[in-house]
Amino acid sequence: MGGIEDSEPPLKRVKGPLGESKSSPEDSSFTESLACSLGDVMARPLTSQGDGETIGSKGVIKRSEFIKIITSALYSLGYDKTGALLEEESGISLHSSVVDLFMQQVMDGKWDESVATLNKIGLSDEKAVKSASFLILEQKFRELLKMDKLSTALNTLRNEIVPLQINMSRVHELAACIISPSKSAILGLSGVDNEGAKSRSEFLTKLQKLLPPSIVIPEKRLEHLVESALDVQRDSCAFHNTRDRDLSLYLDHQCGRNRIPSQTLQILEAHSDEVWFLQFSHDGKYLASSSKDQSAIIWEIKEDGQVSLKHMLTGHQKPVLTVSWSPDDQQLLTCGQEEVIRCWDVGSGECLKVYEKSGVGLISCGWFPNNKGIFAGMTDMSICLWDLDGKELECWKGQKTLRISDMAITDDGKRIISICSETAILLLDREAKFERWIEEDEVVTTFTLSKDNKFLLVNLLNQEIHLWSIESDPKLVSKYTGHKRARFVIRSCFGGFEQAFIASGSEDSQVYIWHRCSGELLKALPGHSGAVNSVSWNPANLHMLASASDDRTIRIWGLGHLHIKHIDQSNGMVNHCNGRS
């Protein structure tokens, strides 16, 4: 790789960047015993193909590169003796002696010598040589400046850095540090506290990125290769619904359909009439539901996954259309049908505030980011923003919403989204005072905003669900079909790992689940005895899904075959039964 023959044994080479090692200096007897104990194992030849230059069943992995990457990983983990022993046993050095010399000179602060050695490494790219030289000389300039050797620093700038004729804007910044010492602090050139081995080690890491991988292996190359392999396996997994922390290197990863929640684990029966809406809290610890029975319920998800009734919220005089969790999950909004919005304390179940507007009914609600206020859709087709005390801050008049309408606001608070006509959704930019629309050919019934605020899931009257990209100009991405919708408002949701699945209710009493990217219908879940109005996927538990139905129940779906548990409000008891109901 370099222009100088290797002459030093690997154990004496610098394996920069230098840092604290997990091994400490020992006497020669220990080193010899280590070599004997590990050497017998490490000296065994790797399985190879042909002439031994490659390894692996397909013969595409170069043996020398493979060993160097392992050696580099050992050094980066702090196993210096093991790394050196691998070099010794394999006969394959991580670096040429000229590269080792170069790295040592950098660590010692021998800047002029390191520049000279850089030109002996054998780099064919003149631009790379100049860039590396510039970085080295800038480091020299920085250290001279920190030692108040202004004259020597100026000489380095004039006679060594400027002649390189690159990055002149940076040259001007460095010159300004000599003229005005205050500039040094702005550019991070002042102070000496960070100087020493640690600072130079960090600098060497930065410098190595300018050298080609054939000279210096990129930092953490083995980790990158392994992570890339896991990414490929994850991306090719059609039913992937597993968190990254649960992936293992021991086996190739593959999820089956059984990783999608499809078994009824609990049936919640506390409502006395149709359940119209439900939503998990952002942290996944609670579930809120609203009903035609004029109540809402806060359910608590225990550590074992069991769901129990926490608070029954009463006070509305009309059916409760929707609920909305505050960003911190400490409060809950409930919206009565063309009535008022109530704000509840999740911990105590106490009603904290009632929001209303004289002569106008409220039909939808949501939270402004950072708990700064709430917004609501009105029966007069306007949208209003209130602070938490109920003071009106903004109001957008005109046909901004319908009498039955979903609303959402992006996490940055800049865009409000609402159904503004039978076939159109309004994307209102509050700051730019700019309006865009999603135009559908069919009647829009409901929509859901994705967690990343980039997509909108739109339910239509014609039994289709459309996925729209709304990052810039709205674009139709995918369509999902198979569920039934003729008379009622049916809602859908995103869910699973990175929201890779779409779930929806249906008038045929089933829950439907599709693969978001392919549009393939994966599951149709029977169990309810009435139309399924709303579904919600737990954001903290990839394997928990909830559904609300006209049969007055909520079903909790999960993995595996467990005893179904019925929970009702008559006596607070949990009734158990086996099998399906």
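You will find that of Cys493, Cys517, the residue that is under 27 Å from the mean Cα position of the chain (by Cα) and within 24 Å of Ile419 (Cα to Cα) is Cys493 and no other.
Yes/no matrix, rows are residues, columns are (1) more than 30 Å from Ala132 (Cβ to Cβ); (2) of a type in the set (S, T, N, Q):
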{"residue": "Gln208", "(1), (2)": "no, yes"}
{"residue": "His240", "(1), (2)": "yes, no"}
{"residue": "Leu249", "(1), (2)": "yes, no"}
{"residue": "Gln254", "(1), (2)": "yes, yes"}
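The criterion of being modelled with pLDDT under 70, among the basic types (Lys, Arg) and at negative phi holds for Arg580. Which one of these is at pLDDT 90 or above, open to solvent by 10 Å² or more (accessible area, probe 1.4 Å) and not basic (Lys, Arg): Ser290, Ser295, Ser308, Ser358? The unique qualifying residue is Ser308. The set of residues in the range 485-525 that are outside any strand (DSSP E or B), open to solvent by less than 20 Å² (accessible area, probe 1.4 Å) and under 19 Å from Leu559 (Cβ atoms) contains only Gly496.
For beta carbons closer than 6 Å, sequence separation of 6+ or different chains, a first residue in the range 112-141 that is without any contact (Cβ under 8 Å) to a residue 12 or more places away in the chain and a second that is open to solvent by less than 30 Å² (accessible area, probe 1.4 Å), the qualifying pairs are Glu113/Gln105. Summed over the range 464-484, the residues that are in a loop (DSSP other than H, G, I, E, B), open to solvent by 20 Å² or more (accessible area, probe 1.4 Å) and closer than 16 Å to Ile513 by Cβ give a count of 2.
Which of the residues that make up the range 203-228 are open to solvent by less than 50 Å² (accessible area, probe 1.4 Å) and either touching an Asp or Glu at 6+ places or on another chain (Cβ under 9 Å) or under 15 Å from Leu94 (Cβ atoms) (or both)? If the condition is that a residue be open to solvent by less than 50 Å² (accessible area, probe 1.4 Å) and either touching an Asp or Glu at 6+ places or on another chain (Cβ under 9 Å) or under 15 Å from Leu94 (Cβ atoms) (or both), then Leu204, Thr205, Gln208, Leu211, Pro212, Ile215, Val216, Ile217 are the ones that fit. Do the conditions hold for Glu143, that is, is it open to solvent by 40 Å² or more (accessible area, probe 1.4 Å), assigned to a helix (DSSP H, G or I) and at pLDDT below 90? In short, no.
The values are calculated or read from the model by the stated rules, or taken from the named source; none is laboratory data. As the structure is a computational prediction, the values presented were derived from the model and not from experiment. Quick reminder, even Gly has a Cβ in these numbers, built from the backbone with ideal geometry, and neighbours come from all protein chains shown. Just the protein is used for accessible areas: all its heavy atoms, side chains included, with ligands, DNA and RNA removed. Shrake-Rupley method; radii C 1.70, N 1.55, O 1.52, S 1.80 Å.
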